[in-house]
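Bear in mind that the values in this text are calculations on the coordinates, not laboratory data. Quantities reported herein were computed from a predicted structural model and do not represent experimental measurements. Cβ coordinates were reconstructed from backbone atoms using ideal geometry, including for glycine residues, and neighbour counts include every protein chain displayed.
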Amino acid sequence: MKNQIQLRTKKLALGIISLYDRLPGSVPNQVISRQLIRSSCSVGANYRAVCRAKSYADFINKLNVVEEEADESIFWPELLPDPECGFREPVSAFITEMDEIVSIVVAAKKTAKHNMTNQKS
């Protein structure tokens, strides 16, 4: 499972880089694309760190960072101005994928918290 998430987050970041490389170069678009690229690449990079967690608490803390970056990655494309209509469909697909990643991370956190509690008992 962890390799699947690593591949998904990497593919997502590369897709966003490719898409936003074609975005018209207005100042707002440049700001949005830079922020989105940073946050989406951070999702993959931080998920790799999750896979090297040393404890349940470390695992949960690292997942929190992934969740925050993924949520931020959903925010930025929502700021694109309407004239960028040609980008709506691929952006929508990226948002859907990032939503799924957030759901996976939230479920993993819930399981880890449960396991951590049961381990202490």
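Over the chain, calculate the relative contact order: mean separation of alpha carbon pairs under 8 Å at least 6 apart, over the residue count, as a percent.
Details: 98 pairs, mean separation 35.2, N = 121.
The normalised contact order for the chain reaches 29 percent.
Once the Cα atoms of helix 88-120 and of the chain are each reduced to a long axis, what angle between those two axes, in degrees from 0 to 90 to the nearest 10, is obtained? Between the helix axis and the principal axis of the chain, the angle is about 10 degrees.
Mind checking the angle between helix 2-21 and the chain's longest principal axis? C-alpha axes, 0 to 90 degrees, to the nearest 10. Tilt relative to the chain: about 20 degrees.
Evaluate the charge dipole of segment 20-102 about its Cα centre and quote only its size in Debye, nearest 20, assuming +1 on the Cβ of each Lys and Arg and -1 on the Cβ of each Asp and Glu. If you can, show how the numbers build up before the last one.
Details: 8 positive and 14 negative charges, 99 e Å.
The dipole magnitude comes to about 480 debye.
Principal-axis analysis of the Cα atoms of the chain puts helix 56-75 at an angle of about 20° to the longest axis.
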